[in-house]
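Below is one structure, written out as structure tokens; comments come after it.
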Amino acid sequence: MKMKLAISALALIASTAAPAAALSDAIQADMPQLMALYRDLHANPELSIQEYRTPAKLAPEMRKLGFAVTEKVGKTGLVAVMKNGPGPVLMLRADMDALPVKEQTGLPFASKVMGKLPDGTDTPVMHACGHDTHITSWLATARRLAAMKDQWSGTLVMILQSGEETGEGARAMLTEGLYTRFPKPSYVLAFHDSAILPAGVIGVTPGYTTASVDNVDILVRGVGGHGATPQATKDPIVLGSRIVMALQTLVSREKNPLDPAVVTVGSFQAGTKHNVIPDEAKLQLTVRTYKPEVRKLLLDGIARIARGEAIAAGVPDNRVPVVTIREEQHTPATFNTEKLANRELALFGQHFGKDRTTILPPLMVGEDVGRYWLDDPTVEGTLFWVGGVPKAKWDAAGGDTTKLPSLHSPFWAPDAPTVILTGTEALTIAALDILKKS
Ligand SMILES: [Zn+2]
Ligand SMILES: [Zn+2]
């Protein structure tokens, strides 16, 4: 019995260790080309739903590898399919949009690109969320899996998604037939670079990993007039302030303290002059939760508080606040299905070692990747994190990430080679595991 165990343990080492080193070597050999692509993508970022150059650059690369490529799925998204015998359908997703941020990293390939927001405003553009590392790893993974076709069986669907930052892209791809025009996956995997993990460390969160995000507008209407005669007005600035303060009680008093949630009023605009009481004030809120029932509680509460405070302030019935939930901008929470998340956690722990694999607590940021499996319990999905903080910076900050640039910061400069190498290796071994030959 003992003997048998020893042999099977040896066999296991022989079967995993050698290919692991070979895989890492193969990606390393590809790194000069991959880094050239990364620097090019970084220097040429594109805003959400304006990603034209990026998919046009990647499409021929994927065709060369033998993928059937369809462009312009979900606005500017790209779908690449490789059918390779019987087996499950696995979808690997990378997002490709950048942000209206003026890059200040000082990198030699820093972006100098200017873009236009949907309202026509000019803005600098930067890959401040690191989606350029995702795209590069996505292509690198496609190359490895195409080269290792004899080692897996099944169907690989690889997508480049547009408009992640605006919460539109995943929905657009699904509405435009991702699951009807192309093979529907049983498994979905994606990774995001992380500004709270040291470079090369993988974080997985079984269960909720990112939050549900809602944008809510409140138009507070009053009755304007002279600043010296408040008795003849209904001051929307005072009413708006009461609403802002009352909203704080939603999180502190109305919901279960064990359910995480955020209500932030990020914008409060009103008035033009010292001595004029304006007609209206505009509030913009971000509302973040995990559970749908907590989301409903908060959204209902916001409408109730806005109306109730207006009544308390004596605003006429025809001037009560208008509360608009921007459904088209909603991002649902991403729930990593536990079976798949735990499978990846075990796989990464075995492959990269325990010191490079960690369970990360859930975050309050939004990511729309969860949409790909939200409505179908038969689809398993996981979004994992790949640490991007350069080691020297991590050590200098003593691991205190509040001292380091976050995602979306103009200073966010991940250790791109390490993210790309780790992300590619992780996606490749996960794909080989899911699509292993029976
Ligand atoms: Zn982002
Ligand atoms: Zn992102």
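Roughly what % of DSSP beta bridges within segment 78-202 run antiparallel, to the nearest 5? Please list the in-between numbers first.
Details: 11 of 21 bridges.
Rounded to the nearest five, the antiparallel share is 50 percent.
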TODO: Could you compute the FRET efficiency for LYS149 and ILE359, with r as their C-beta to C-beta distance and R0 at 35 Å, rounded to 0.05?
DONE: 0.60
Task: Antiparallel %, DSSP beta bridges [both residues in segment 9-160], to 5 - done: 70
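Under the definition of Cα pairs under 8 Å and six or more residues apart, what whole-number percent is the relative contact order of the chain? Kindly include the intermediate steps, with their values, before the conclusion.
Working: 923 pairs, mean separation 98.3, N = 438.
It comes to 22 percent, rounded to a whole number.
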Open item on the list: Treating segment 211-335 as a set of equal point scatterers at the Cα positions, no solvent, please give the Debye-formula log₁₀ I(q)/I(0) at q = 0.10 Å⁻¹.
Closed with: -0.33
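Rounded to the nearest percent, how much of the accessible area of segment 56-201 (1.4 Å probe, protein heavy atoms only) is carbon and sulfur? List each step's numbers first, then the result.
Working: 2820 of 5140 Å².
On segment 56-201, the fraction of accessible area on carbon and sulfur atoms equals 55 percent.
Just the number please: accessible area per residue for the chain, 1.4 Å probe, all protein chains included, in Å². Intermediate results must be reported in sequence, preceding the final value.
Values: 19430 Å² over 438 residues.
Value returned for the chain: 44 Å² of accessible area per residue.
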Open item on the list: Out of all DSSP beta bridges in the chain, what portion is antiparallel? Express it as a percent rounded to 5.
Closed with: 70
- [ ] Please express the shape of segment 176-229 as an equivalent ellipsoid: the semi-axes are the square roots of 5 times the eigenvalues of the C-alpha gyration tensor, given largest first in whole angstrom.
- [x] 45, 24, 10
Task: ALA228 paired with ALA397, simple spin-label distance in nm, labels 7 Å along Cα-to-beta-carbon - done: 5.4
Task: Accessible area, probe 1.4 Å, largest first, for residues GLU46, GLU338 - done: GLU338, GLU46
Open item on the list: How long are the semi-axes of the equivalent ellipsoid of the chain, taking √(5λ) for every eigenvalue λ of the Cα gyration tensor, in whole Å from largest down?
Closed with: 45, 23, 21
- [ ] Search the structure for amide H atoms under 5 Å from the amide H of VAL365, placed 1.01 Å from N in the peptide plane, and list their residues when 5 or more places away or on another chain.
- [x] ALA211
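Hey, any idea what the orientation-averaged projected area of the convex hull of segment 311-438's Cα atoms comes to, in nm²? The partial results should precede the final answer.
Values: hull surface 54.4 nm².
Average projection, Cα convex hull of segment 311-438: 13.6 nm².
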Task: 10 Å Cβ shell holding at most 16 others, DSSP loop, trypsin sites (Lys or Arg not before Pro): longest site-free stretch of the chain - done: 113-272
- [ ] For segment 88-236, build the convex hull from the C-alpha positions and give me its volume per residue in Å³.
- [x] 233
TODO: Would you please give the residues with an amide H less than 5 Å from that of MET96, counting only those at least 5 places away or on a separate chain, with H modeled from the backbone geometry?
DONE: GLN161, GLY163, GLU164
TODO: Could you compute the FRET efficiency for LYS339 and ASP375, with r as their C-beta to C-beta distance and R0 at 25 Å, rounded to 0.05?
DONE: 0.90
Open item on the list: Taking 0.36 nm per residue of sequence separation and subtracting the Cα-Cα distance, how much length would be gained by fully extending the chain between GLN104 and LYS436, in nm to one decimal?
Closed with: 115.1 nm
- [ ] Kyte-Doolittle cut-off -1.0, length cut-off 15 Å along the helix's own axis using Cα: show which whole DSSP H helices in the chain pass.
- [x] 2-43, 131-147, 236-249, 292-312, 338-352, 416-434
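How much of the accessible area of segment 328-438, probe 1.4 Å, is carbon plus sulfur, in whole percent? Show your work: numbers first, answer last.
On the way: 2820 of 4790 Å².
With neighbouring chains kept in place, the figure for segment 328-438 is 59 percent.
The values are calculated or read from the model by the stated rules, or taken from the named source; none is laboratory data. Just so it is clear, the structure is predicted and the values come from calculations on it, not from any experiment. No Cβ is skipped: glycine too gets one built from the backbone with ideal geometry, and neighbour counts run over all protein chains shown. These accessible areas exclude ligands, DNA and RNA; they are computed on the full protein's heavy atoms, side chains included. Shrake-Rupley method; radii C 1.70, N 1.55, O 1.52, S 1.80 Å.
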